[in-house]
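Participant: Right, I'll just put the structure down here and ask away after.
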Amino acid sequence: MLARILIVWLSLGSFACLRTPPPHPRALEANELCAQYLHLGDLERAEVQCDLGLQFSPQYGDLWTNKGNIALSRNQTNIAKNHYIKALRFNQEQAQAYQNLGFIYLQERQYGRAHDNFQRALKVNPDYAEARYNLALTFMGMGRKEHARKEFLTLTEVYPHLADPFARLGQLAFEEGDLSASIEYFKKAIMLAPQYAEAWLALGNAYYTAGQFGEAAEAYTSCVEANPGLPECPNNLARAVRQRELTDPALKALEEVKGSEQTPESQFRLARTYKERGLRNEEQRAYERCLRYDNKFAPCYYGLFELFYDERNEKNARIACQNFLKFTDSAESPRERETCQRYLGEAISY
């Protein structure tokens, strides 16, 4: 998520430099259609229109840039590179060609060439956010962290709604051992993009390194929720939970209760303590032990419902709610009964 390229399909605008003839009207029309098809993801028809336009104006830089964009969308980087170079031969003010050519060099770790192209893009358009962001990444690749920090800070000032620059500043602070600043930057990134799994993961790592294992576990849990397919999140969550248990005397004492007080009430209390600490797996196991001791103990069914509801496990949530209603009457737990009745009604209507 942190490496960025934004392809903006070029339509009307940015005519060629003085040595090239103005685009033919049919070339302008074909370029507009090429841009529209690119936006729709129809690369074949986009290429047809670009090629048609080049028959009318073979020196029209925007068409060559869009040809490069088509190739880049197909992961044909060498072809894209050649098209961008040709676009710049005909129009040395073509900022997107500089940016995307620089991005290809960045991916190839040719940092010197990437740097030069991003700088040229910014010379044409100093507000080109993608070029500035990728220039900062290039500085990181070159080991010039202070230059990278300056560019990321510039982005946070000019584009305070972008999450990635804050996340990168957090990464730089983490690498320098400034965990407090790192945590604050990652928090800002997450505030702007709550589903930013990599930022949650990085925040968890910063908390873990700082010895704040409870906060780390919460961050890793949010990472799992944002992207269940990111393996580092559940792996690091398990590690943080183990560390938290080792450093939490109160929780260790409760663990001893787990085996000594074999009653549904004690297991329910233990489950709620786990819930307060964000230990979802342990919470579920405590509810299940509770029901093994007494399979009519309604509060544990409701606790399972809450867990399954949060996990969007509709089948088990519905079963837990049905059992909760079965083992309570209308005078008991009215708020919880209303919640379950409403949930079951919505599930049935759905």
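Participant: Would you give the gap between the C-alpha center of the range 319-341 and the C-alpha center of the range 86-163, rounded to a whole Å?
Facilitator: Cα centroid of the range 319-341 versus Cα centroid of the range 86-163: 59 Å apart.
Participant: To the nearest 20 debye, what is the magnitude of the charge dipole of the chain about its Cα centre, counting +1 on the Cβ of each Lys and Arg and -1 on the Cβ of each Asp and Glu?
Facilitator: For this selection, approximately 760 debye.
Participant: Treating the angle as unsigned and between 0 and 90°, give the value, to the nearest 10°, between the Cα long axis of helix 197-209 and the longest Cα principal axis of the chain.
Facilitator: That helix lies at roughly 60 degrees to the long axis.
Participant: Taking a quarter of the surface of the Cα convex hull of the chain, what do you get in nm²?
Facilitator: 23.1 nm²
Participant: While we're on this one: Pairs of Cα atoms under 8 Å, at least six residues apart: use those to get the relative contact order of the chain, whole percent.
Facilitator: 7 percent
Participant: If you don't mind, another one. For the range 160-247, state what percent of all Cα-Cα pairs lands in each successive 5 Å bin, counting from 0 Å until the bin that includes the largest distance.
Facilitator: 3, 19, 27, 23, 20, 7, 2, 0
Participant: How many nm separate the modelled label positions at N313 and T20, each set 7 Å beyond the Cα in the direction of the Cβ?
Facilitator: Taking the simple label geometry, N313 and T20 are separated by 6.0 nm.
Participant: Applying a 10 Å radius around every beta-carbon, put 278-286, 57-65 in order of their mean neighbour count, most first.
Facilitator: Averaged packing, sorted descending, gives the order 57-65, 278-286.
Participant: While we're on this one: Taking Cα pairs under 8 Å and at least six residues apart, what relative contact order does the range 296-350 come out at, in percent?
Facilitator: 34 percent
Participant: Let me ask you something else. Under 17 Å from the Cα of K67, which lysines turn up, not counting those fewer than eight places away in the same chain?
Facilitator: Hits, sequence-local ones excluded: K81, K86.
Participant: Across the range 218-231, in residue order, what do the Karplus-derived ³J(HN,Hα) couplings come to in whole Hz, using 6.51 cos²θ - 1.76 cosθ + 1.60 with θ = phi - 60° and x for Gly and Pro?
Facilitator: Going residue by residue, I get 5, 5, 5, 4, 5, 5, 4, 5, 6, 8, x, x, 8, x Hz, with x marking Gly and Pro.
Participant: Now for a different question. Below 8 Å, C-alpha to C-alpha, sequence gap of six or more: please give me the relative contact order for the range 160-247 in percent.
Facilitator: On the way: 116 pairs, mean separation 19.4, N = 88.
Taking the mean separation of contacting Cα pairs over the length of the range 160-247, I get 22 percent.
Participant: Enumerate the aspartates and glutamates that K145 could reach by cross-link, defined here as Cα to Cα under 17 Å, with residues fewer than 8 away along the same chain left out.
Facilitator: D164, E175, E176, D178
Participant: A further question follows. Once phi is turned into ³J(HN,Hα) by the Karplus curve 6.51 cos²θ - 1.76 cosθ + 1.60 with θ = phi - 60°, what whole-Hz value does each residue of the range 263-278 show in order, with x for glycine and proline?
Facilitator: Coupling constants for the range 263-278: 10, x, 5, 5, 5, 5, 4, 4, 4, 5, 5, 4, 4, 4, 9, x Hz.
Read-outs: derived from the displayed coordinates by stated rules, not from any lab. Fair warning: this is a prediction, and the values are worked out from it, not measured in the lab. Cβ coordinates were reconstructed from backbone atoms using ideal geometry, including for glycine residues, and neighbour counts include every protein chain displayed.
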